[in-house]
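Taking it in order: structure first as structure tokens, then the write-up.
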Amino acid sequence: MARPKSPLVWILLAVGGACAFCCTGTLGLMALGLFAADSDTPGTPAAANRAHGSPGEPGGFAFDAPQGWKTQQDGRFILEWDERGDTLGVEALRLPAVPGLDDAEGKVARLWQERVGADWNDVKPNPLVMRRFVANGARAFFTAAVVRAKNNGRTFRVSLYLVEAGDRLEPLVFIQSFMSPPGSAGEDMSASFSWNTSYVRVEEALKGVRGSPVGLPLVDDAEVVGHFIYGTSTGAQWVNTYTGSTTMTAVSYSIDYTFGANHAFQYKYAGASGQVGAMRFGSEDDQGTWSVKHDVLTLAGAKRTRRYLLIGAARSPEGKRTLYLMSEHPGWSLAPGAIGQNGELYVAAD
């Protein structure tokens with residue numbers, strides 16, 4: 001039975017905060033640890049746009065803002081543009097460095113709550129933390145979510161990144177904004193459709209981020225070892241407008257992975273789909289070997305090979321181990337819509 005696609009069980013993404021475009025919260029105003037470099041000639045674009053540190057060297061950290069971003073006196077970078085009559089924007093700023101590389105997921109969650117939660121509404125505690133590589137191969141831990149400004153209720157999408165830099169973590173915040181012309185209706189809905197569009201500019205900015213050290217695995221083998229389960233269920237009710245009769249359709253499935261310390265794996269799938277009362281059921285199993293390279297988990301099974309993009313191995317709010325995987329598909333992306341549609345959060349069964 002072919003495995004159906006479904007929405008992600010846990011929809012995350014975007015941290016909220018007071019955007020410098022319109023708000024006055026401490027997150028927008030306290031852009032500490034500002035962008036500056038003592039190795040460039042004062043007054044040059046490189047001096048204004050490069051953070052202190054040499055990329056890839058011990059303790060090194062650098063950020064080169066893309067062309068066209070405006071540098072503010074307090075060190076923030078802002079980019080605004082017109083999109084079919086609406087105004088989209090992205091802001092980037094740094095916060096003070098966080099000492100130590102240990103418990104990076106916990107530090108993301110604490111900084112999220114202390115800085116973002118203090119300035120924005122609708123900020124959920126215990127965010128799920130993801131991982132990625134920045135431009136030069138250093139690791140970054142991040143989370144993101146859509147939140148509301150306290151002063152006007154507008155929605156923003158905020159991402160918080162902690163980039164490894166020697167013996168510390170360097171925080172970067174990206175704030176995506178959306179504004180419709182005065183008198184426009186449905187701004188919240190329009191804003192929700194804009195996040196994928198403005199996220200492209202965030203990804204462009206991340207190409208200028210470099211930390212250290214480089215060459216470390218995104219997820220250690222020990223974090224993969226274990227028994228993990230993912231499951232989802234969706235349903236829809238249909239009403240015949242002529243007769244008034246109703247029917248229901250549903251899609252439900254679960255996936256069970258066991259990853260051994262000897263790099264052997266076992267896979268089990270069970271699912272059902274169709275009209276309630278006449279659903280079709282199916283199952284599948286496989287076994288083979290698993291391996292992690294860079295940020296890809298490859299499962300070489302006896303029946304077929306599966307590949308996943310690794311985007312996290314954090315603890316759930318209940319303290320359980322997780323593996324956050326994105327199924328292989330053309331054009332792997334960390335855009336909000338891509339993760340929400342293709343990401344699967346596997347929770348440890350033990």
Answer with yes or no whether Asn196 is among the polar types (S, T, N, Q) and closer than 30 Å to Ala97 by Cα. yes
Of the residues in segment 236-250 that are touching a residue at least 24 places away in the same chain (Cβ under 8 Å) and open to solvent by 40 Å² or more (accessible area, probe 1.4 Å), the one that is farthest from Tyr308 (Cα to Cα) is Thr247
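Every residue, every condition in (1) hydroxyl-bearing (Ser, Thr, Tyr); (2) outside any strand (DSSP E or B); (3) closer than 30 Å to Val134 by Cβ, yes or no:
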position: Asn196; (1), (2), (3): no, yes, yes
position: Tyr199; (1), (2), (3): yes, yes, yes
position: Glu204; (1), (2), (3): no, yes, yes
position: Gln237; (1), (2), (3): no, no, no
So Arg304, is it touching a residue at least 40 places away in the same chain (Cβ under 8 Å) and more than 20 Å from Pro127 (Cβ to Cβ): no
Pairs where the first residue, in segment 89-116, is over 22 Å from Phe156 (Cα atoms) and acidic (Asp, Glu) and the second is loosely packed, with under 13 Cβ neighbours inside 10 Å and modelled with pLDDT under 95, C-beta under 6 Å, 6+ apart: none
Scope segment 306-350; condition open to solvent by 20 Å² or more (accessible area, probe 1.4 Å) and β-branched (Val, Ile, Thr); matching residues: Val347
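Return the only residue of Val225, Val214, Val163 being open to solvent by less than 40 Å² (accessible area, probe 1.4 Å), of a type in the set (A, V, I, L, M) and either at pLDDT 95 or above or under 23 Å from the mean Cα position of the chain (by Cα) (or both).
From the options Val225, Val214, Val163, the qualifying one is Val163.
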Count, please, the residues in segment 271-330 that happen to be modelled with pLDDT under 95, more than 23 Å from Ala138 (Cβ to Cβ) and of a type outside the set (D, E, K, R). 18
Selection status of Lys107, at negative phi and either open to solvent by less than 20 Å² (accessible area, probe 1.4 Å) or outside any loop (DSSP other than H, G, I, E, B) (or both): yes
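Out of Ala97, Ala140, report the one residue that is touching a Gly at 6+ places or on another chain (Cβ under 8 Å), open to solvent by 20 Å² or more (accessible area, probe 1.4 Å), closer than 24 Å to Ala65 by Cβ and of a type outside the set (D, E, K, R).
Only one candidate qualifies: Ala97.
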Can you confirm whether segment 167-187 contains a residue that is surrounded by 22 or more Cβ atoms within 10 Å (Cβ to Cβ) and part of a loop (DSSP other than H, G, I, E, B)? no
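The values are calculated or read from the model by the stated rules, or taken from the named source; none is laboratory data. Just so it is clear, the structure is predicted and the values come from calculations on it, not from any experiment. Note that each Cβ is placed from the backbone with ideal geometry, even for glycine, and that neighbours are counted across all protein chains shown. Remember, those area values only see protein heavy atoms, side chains included, never the ligands or the DNA or RNA. Shrake-Rupley method; radii C 1.70, N 1.55, O 1.52, S 1.80 Å.
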